[in-house]
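These notes concern the structure reproduced below.
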Amino acid sequence: MAGKDEPKKKDDKVEVVTNRVVPVEITTEMKDSYLDYAMSVIVSRALPDARDGLKPVHRRILYAMHEEGLRHSSRFSKSAGIVGDVLKKFHPHGDSAVYDSLVRLAQPWNMRYVLVDGQGNFGSMDGDSAAAYRYTEARMSRLADEMLADIEKDTVDFVPNYDGTRQEPVVLPSRIPQLLFMGSIGIAVGMATKIPPHNLGEVMEALVHLVDNPDATADDLFKYVKGPDFPTGGLIFNEHDIHHAAASGRGGVVVRGEAEIIDPPAGGKSGSNQIVITSVPYQVNKAELIMKIADLVREKKLEGIKDIRDESTTLADTRVVIELKNGTVPELILNSIYKHTELETVFHYNILALVDGVPKLLSLKAILEEFISHRQVVVRRRSAYDLRRAEDREHILLGLSKALDQIDRVIETIKKSQDSAEAKIKLMERFSFSEIQATAILEMKLAKLANLERQQIEDELKETQALIKELKALLADPKKILSVIKTEFIEIKDKYADPRRTKIVKHGVREIKTEDLVPDKENILVLTRGGYVKRTDPTEYRAQRRGGVGVVDLNIKEEDFVSLFLTASTHDDLLFFTDRGKVYQMKMYDVPEGKRATRGKSIMNFLALADRERVTSVLAMPKNKGVTSSLFMVTKLAQAKRVAAESFRDVRRSGIIAITLEAGDELLSVAALSDKDEVMLATASGQGIRFKSSDIREMGRGAAGVRAIKLSKNDEVV
């Protein structure tokens, strides 16, 4: 009784129920409730079914349109009415979720093959939203009709809708593997899916091949399915990455929008180079891409762009024109755009779909196998339905044929009956007709008594019996079912296949480095004794006559002066040798560029120098190896060493030892050296020595070197 404690048995344990309230551990309840919620999101909202490739909302939209007769050849209907039907009959969620899904099915920049024909404003690839559903109209596309073909022939299971007032399909009998065309993106609880769209013709060819060769490998299928085929076109790189992602269900492929560099017309009075973008990566907002480029120009992270404008008209005529300033290297600008914007992006595969209601990571082959299995079930159920209908029709035709053979007796029996009910009973008793046959005879028109009409019944009977024989043979032989499926695949391909839009580049895209974004040109490097460094464009200096007074090159403090000066390419490596025998490396373009009269920046900002460590030499290492064969080093105490230049090609940021020094010694100078050079050293006391470079052999990087000149007391090399 309510209000009293009573035992309740649960899992072989006895719990005490007080006032019908069952005490439950909060952790247990949270776990169970969260799992129920997670599975509801996974199965009923976020993940597509592997068989028809649709999420529940998309399936309900198409089925509601099918019920309303909104086929591709019918009239358009208000989107508001379609959304209302879906909400009323099938989808117990908000109207915005349904309309947004309907809109996406009609957007050619999101869907490789649209499932809804839209009339009105359905948005744009610039991020413009669609008009409200009271202003737009829609109907199913031709391809959507193929997804619902034969649904009335008991080809799929139906379940009650949310309120039990009508039935809805669990899955559509789809004749196309929509999972590979949809471009599905979904976020569930603890999992997500992201499946790129593919080319219909390629996928149907792969299906035909798999029907003929069930043991086909992934590599065999890749001969047909080259890779994703995005509705916006573009380029995808590296066949190995594409195949790995498709074979495993996970992976990333680099996607680029297409761009070309257009030179100014020859002989024109004026003009500059242009970069014309003709496609953007899948699901990249074109307007935001243009704004990002403009922001980079405004922030001076991208220099050399004069103007940018969008001349696009339709998806097929995407055209973004970037006007460049005179003297700008267009390849560098394009590389910068690839590096800093979404004109180059990575599409990450995560092919997760529901198989028998369970989330499963699928490969390309697994998706095709699931679809073939689905079509086998559909064709078998369709054939069984057609067989039942044919047998029913055969039964009626046999009755009509038998009645026509004894038509006079049949008519006499009917005439002597008081009503149709009595006539039916008498026909069943006297001629052994079934109830169905008797009803058909009573409904038969007198025109059927004509000879030609009688012949038509006989012909229809023969055709129906032949169909029954064919359907029984089909249902008894799985190979024949596969043959039917294969024929349908070929029909779909012939009817809907179109050329690939996305181009595949077999090799991988080369990583864009900073070097690719900086023009390769000569610069002047200036380093002062106080440790200030800068690089300057040589055009900052003008040629002067013999008597010219020169120009101020550096704004420095009174006690400071220029200690090193060299010219090098912006792409060259610079080696900074210090008095402590260490060497540091950086790129010429990493040195801050300054005007002629500026002081520059402290070298401590770029090199990890110790306290009171001073740079004594700077050498440029050109990109092409072999230009400098070796480096010659000399210390204050006359130690000399020759080292192969290649030993300093890769120097870590913290620096490395260039020469091992004795206590009190300093690395004085480093110079590039070839076998034909001669070396001359001078000391503070005026002593000098000259010798061939070949007199000193090359040593290891950590060696201390050899004595180059004998010094007198208190003397040193200068």
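The values are calculated or read from the model by the stated rules, or taken from the named source; none is laboratory data. Just so we're clear, the structure is a prediction, and the values are computed from it rather than from any experiment. Cβ atoms come from the backbone with ideal geometry, glycine included; neighbour counts cover every protein chain shown. Accessible surface areas use protein heavy atoms only, side chains included; no ligands, DNA or RNA. Shrake-Rupley method; radii C 1.70, N 1.55, O 1.52, S 1.80 Å.
Worth a mention:
- Pairs where the first residue, in the stretch 330-354, is farther than 13 Å from Val280 by Cα and the second is open to solvent by less than 40 Å² (accessible area, probe 1.4 Å) and of a type in the set (D, E, K, R), C-beta under 6 Å, 6+ apart: Asn335/Asp516; Leu354/Asp49
- Residue match in the stretch 159-174 (condition: part of a helix (DSSP H, G or I) and closer than 21 Å to His66 by Cβ): no
- Residue check, Ser617 assigned to a strand (DSSP E or B), surrounded by 15 or more Cβ atoms within 10 Å (Cβ to Cβ) and touching a residue at least 40 places away in the same chain (Cβ under 8 Å): yes
- Output for the stretch 148-166, where each listed residue is touching a strand residue (DSSP E or B) at 6+ places or on another chain (Cβ under 6 Å) and open to solvent by 60 Å² or more (accessible area, probe 1.4 Å): Phe158
- Reported count of residues in the stretch 269-287, each being charged (D, E, K, R) and surrounded by 13 or more Cβ atoms within 10 Å (Cβ to Cβ), is 1.
- Within the option set Val16, Val21, Val41, being buried (at least 16 other Cβ atoms within 10 Å of the Cβ), at pLDDT below 85 and farther than 18 Å from Val103 by Cα holds for one residue only, Val41.
- The one condition in (1) touching a Gly at 6+ places or on another chain (Cβ under 9 Å); (2) not in a helix (DSSP H, G or I) that Leu87 fails to fulfil: (2)
- Scanning the stretch 512-525 for any residue that is of a type in the set (A, V, I, L, M, F, W, C), modelled with pLDDT of 85 or more, surrounded by fewer than 20 Cβ atoms within 10 Å (Cβ to Cβ) and within 35 Å of the chain's Cα centre (by Cα) turns up nothing.
- Within the stretch 384-400, being open to solvent by 70 Å² or more (accessible area, probe 1.4 Å) and not acidic (Asp, Glu) holds for Arg388, Arg389, Arg393, Leu398.
- Filter result for Asp310 (over 30 Å from Thr193 (Cβ atoms) and open to solvent by 40 Å² or more (accessible area, probe 1.4 Å)): yes
- Test: residue in the stretch 265-277 that is under 29 Å from Ile367 (Cα atoms), modelled with pLDDT under 95 and either basic (Lys, Arg) or more than 15 Å from the chain's Cα centre (by Cα) (or both): no
- Look at the stretch 689-703: where a residue is under 13 Å from Ile656 (Cβ atoms) and a partner is assigned to a helix (DSSP H, G or I), sitting 6+ places away or on another chain with Cβ atoms under 9 Å, you get Gly700/Ser647; Arg701/Ser647; Arg701/Phe648.
- Each residue in the stretch 408-423 was checked for being over 15 Å from Glu443 (Cβ atoms) and either at pLDDT 95 or above or assigned to a helix (DSSP H, G or I) (or both), and 6 pass.
- Members of the stretch 448-495 found to be within 24 Å of Tyr113 (Cα to Cα) and either open to solvent by 80 Å² or more (accessible area, probe 1.4 Å) or of a type in the set (Asp, Glu) (or both), listed by number: Glu488, Glu491, Asp494, Lys495
- Qualifying residue in the stretch 222-245 (condition: part of a strand (DSSP E or B), touching a residue at least 12 places away in the same chain (Cβ under 8 Å) and open to solvent by less than 20 Å² (accessible area, probe 1.4 Å)): yes
- Residue match in the stretch 56-70 (condition: at pLDDT 85 or above, surrounded by 10 or more Cβ atoms within 10 Å (Cβ to Cβ), touching a Lys or Arg at 6+ places or on another chain (Cβ under 7 Å) and not in a helix (DSSP H, G or I)): yes
- Only one of the numbered conditions (1) open to solvent by less than 70 Å² (accessible area, probe 1.4 Å); (2) in a helix (DSSP H, G or I); (3) among the acidic types (Asp, Glu) is not met by Asp498, and that is (2).
- Residue check, Ala192 more than 30 Å from Ile277 (Cβ to Cβ), open to solvent by 30 Å² or more (accessible area, probe 1.4 Å) and of a type in the set (A, V, I, L, M): no
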